[in-house]
2 protein chains.
Amino acid sequence: MEKNLKKRETMHRLCAKGLEIFQQKGYYNTSLDDILKELELSKGAFYHHFKSKEDYFINIIQNLIVQKVYALLVEPLNTYENPLPIILDSLEEALEPGKRNEMAYGFMLNDFLTEFNKRNAQISKYLKDILKVWEVNLVSVLKRGKIDGHIARHIDCEGVATYIIASYLGMRSLLMDNTNKQLKYQYIQQLKHYFRSIAAQNVMA
Amino acid sequence: MEKNLKKRETMHRLCAKGLEIFQQKGYYNTSLDDILKELELSKGAFYHHFKSKEDYFINIIQNLIVQKVYALLVEPLNTYENPLPIILDSLEEALEPGKRNEMAYGFMLNDFLTEFNKRNAQISKYLKDILKVWEVNLVSVLKRGKIDGHIARHIDCEGVATYIIASYLGMRSLLMDNTNKQLKYQYIQQLKHYFRSIAAQNVMA
DNA sequence: GCTTAAACCGACCCGCCAGTCGGTCTGCTT
DNA sequence: AAGCAGACCGACTGGCGGGTCGGTTTAAGC
């Protein structure tokens with residue numbers, strides 16, 4: 001079973017390095033040779049493990065991107081506290097470079113989403129499904145917040161989830177080049193204002 | 001001067017059709033032949049008017065995209081009323097397909113922004129400058145709103161502008177494929193909640 | 001009408017890059 | 001030790017698309 005280990009090892013190295021470079025330069029702007037050169041692997045090795053560049057990226061999505069989004073944006077929602085501060089923290093964390101988040105400025109979901117839109121319907125679908133999972137989890141935690149009296153009763157949880165996702169994706173666009181540290185701070189501040197407007201009024205404490 | 005007219009006419013046809021197709025399929029996913037075929041023009045004609053594909057797109061930005069953003073997002077801000085409803089209206093209008101807005105779902109600023117990011121710094125700069133103009137105008141109208149007593153005094157106008165832009169760009173990402181009419185409605189609703197939270201409290205009627 | 005320069009034509013060039021394929025190396029099996 | 005399969009190599013192919021260039025058409029100026 002030594003062979004099997006080698007296979008996993010090589011595939012994993014390819015996926016990890018691929019994600020790293022695709023994030024930096026974009027999928028269509030990165031040639032396989034760019035990646036293979038860095039890993040000192042050949043075309044033959046690549047096509048031995050993956051049947052196409054597309055297949056390769058789908059592997060990357062399912063093995064790496066999905067996990068990352070879960071870890072950063074979905075799992076933190078699994079508590080029974082007031083959901084609004086929890087959501088706020090998860091977004092702040094997801095926009096933070098370094099730390100749990102090796103890649104600069106969290107995951108380039110928005111970048112990939114727009115890059116593949118109109119270009120590759122299958123990959124688009126995989127990426128949209130990830131967003132969908134996030135959305136569903138947001139909605140569910142918001143609804144629980146409503147029951148628990150943290151969120152005003154007249155609030156449309158689906159609308160709130162959509163709005164949070166939109167603002168996060170847009171923020172990622174604005175941060176993409178920018179070294180402007182203030183942007184993230186401004187975003188979090190305004191999100192707090194917004195959250196205050198949908199919180200239940202009968203705040204105790 | 002008949003020649004001069006012909007030149008303008010051809011260049012304009014090229015730019016208009018180019019923008020149309022670039023929006024549908026993306027810049028890098030559209031070949032010049034795709035555009036030239038539709039207009040029944042030749043490579044020779046194209047390179048007689050533009051020195052490169054890049055030069056061509058810069059023309060499109062400066063002649064068409066800038067005007068559109070001004071018309072939809074900047075000029076509406078030039079009133080002396082309460083800025084918040086004005087901004088809300090402009091965003092709603094800008095997300096509306098058809099009408100003043102021939103292209104589906106407003107301008108694909110976010111799409112182009114992410115497409116050119118890391119690919120072409122010069123074009124990225126042109127696009128970011130457009131956003132900057134919008135931002136500056138938003139900030140200025142928000143500050144006036146503060147003076148006029150429509151917006152609470154402790155509010156950070158730059159932060160609000162950033163947040164509005166981020167949510168709009170993100171919304172455009174979510175709407176990109178989607179025929180989901182509800183998304184836009186949800187967005188506008190939540191924006192209203194947010195605006196309420198930054199409005200001055202001493203509302204008179 | 002003749003000249004001249006513009007607008008325009010389209011075959012061609014060339015670099016890039018996903019994907020192929022015949023071959024070599026490595027280490028497990030018997 | 002032989003045989004075999006899976007991991008890996010790298011030169012090659014083929015299509016796509018931006019850009020070129022010598023030539024043709026059109027219309028303004030005289």
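The values are calculated or read from the model by the stated rules, or taken from the named source; none is laboratory data. Not measured: the values here are computed from a predicted model. Counting neighbours? That spans all protein chains shown, and the Cβs are built from the backbone with ideal geometry, glycine included. Surface areas here come from the heavy atoms of the whole protein model, side chains and all, with no ligands, DNA or RNA. Shrake-Rupley method; radii C 1.70, N 1.55, O 1.52, S 1.80 Å.
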Item to complete: Enumerate by residue number the GluC sites (Glu not before Pro) in segment B:41-147 meeting two conditions: DSSP loop (anything except H, G, I, E, B), and at most 14 other Cβ atoms within 10 Å of the site's Cβ.
Response: B:Glu81, B:Glu102
Item to complete: Only helices at least 20 Å long along their axis, Cα-based, and averaging 0.0 or more on Kyte-Doolittle count here, so list those DSSP H runs from chain B.
Response: B:121-147, B:157-175
Practice prompt. Quick one: which residues, 5+ away or cross-chain, put their amide H under 5 Å from the amide H of A:Ile151? H built at 1.01 Å from N.
Written response: A:Lys146, A:Ala200
Worksheet entry | Highest-fluctuation residue, B:Ala94, B:Ala71, B:Ala45 considered, GNM on chain B with Cα pairs under 10 Å | B:Ala45
Worksheet item: Do the alpha carbons of any pairs in A:Lys25/B:Lys43; B:Lys7/B:Lys51; A:Lys143/B:Lys192; A:Lys192/B:Lys192; B:Lys68/B:Lys192; A:Lys17/A:Lys53 sit beyond 18 Å of each other, and which pairs?
Response: A:Lys25/B:Lys43; A:Lys143/B:Lys192; B:Lys68/B:Lys192
Discussion item. For chain A, set up a GNM with springs between Cα atoms under 10 Å and report which of A:Gly18, A:Gly145, A:Gly159 has the largest fluctuation.
Written reply: A:Gly159
Worksheet entry | Rg and Dmax of segment A:57-198, Cα atoms only, in Å | 15.2, 44
Practice prompt. Would you be so kind as to identify which of A:Tyr185, A:Val160, A:Leu88 lies farthest towards the positive end of the dipole of chain A, taking Lys and Arg as +1 and Asp and Glu as -1 on Cβ and the Cα centre as origin?
Written response: A:Val160
Worksheet item: Taking a probe of 1.4 Å, how large is the accessible area per residue of chain B, in Å²?
Response: 49 Å²
Worksheet item: What dipole magnitude, in Debye to the nearest 20, does the protein assembly as shown give about its Cα centre under +1 on Lys/Arg Cβ and -1 on Asp/Glu Cβ?
Response: 300 debye
Fill in: Dipole magnitude of segment A:1-50 about its Cα centre (Cβ charges: Lys, Arg +1; Asp, Glu -1), debye to nearest 20
180 debye
Worksheet item: When the solvent-accessible surface of protein heavy atoms is calculated with a 1.4 angstrom probe, in what order do A:Ile123, A:Ile147 fall, highest first?
Response: A:Ile147, A:Ile123
Item to complete: Would you kindly work out, in nm and rounded to one decimal, the distances from the label point of A:Asn180 to those of the same position in each other copy, ordered shortest first, with label points 7 Å along Cα-to-Cβ?
Response: 2.8
Fill in: Accessible-area value, A:Tyr70, 1.4 Å probe, nucleic acids and ligands omitted, Å²
90 Å²
Worksheet item: Taking the label point 7 Å from Cα in the Cβ direction, how far apart in nm is A:Lys25 from each other copy of itself, listed shortest first?
Response: 2.5
Practice prompt. Express in % the proportion of alpha carbon pairs of the protein assembly as shown at distances exceeding 35 Å.
Written response: 34 percent
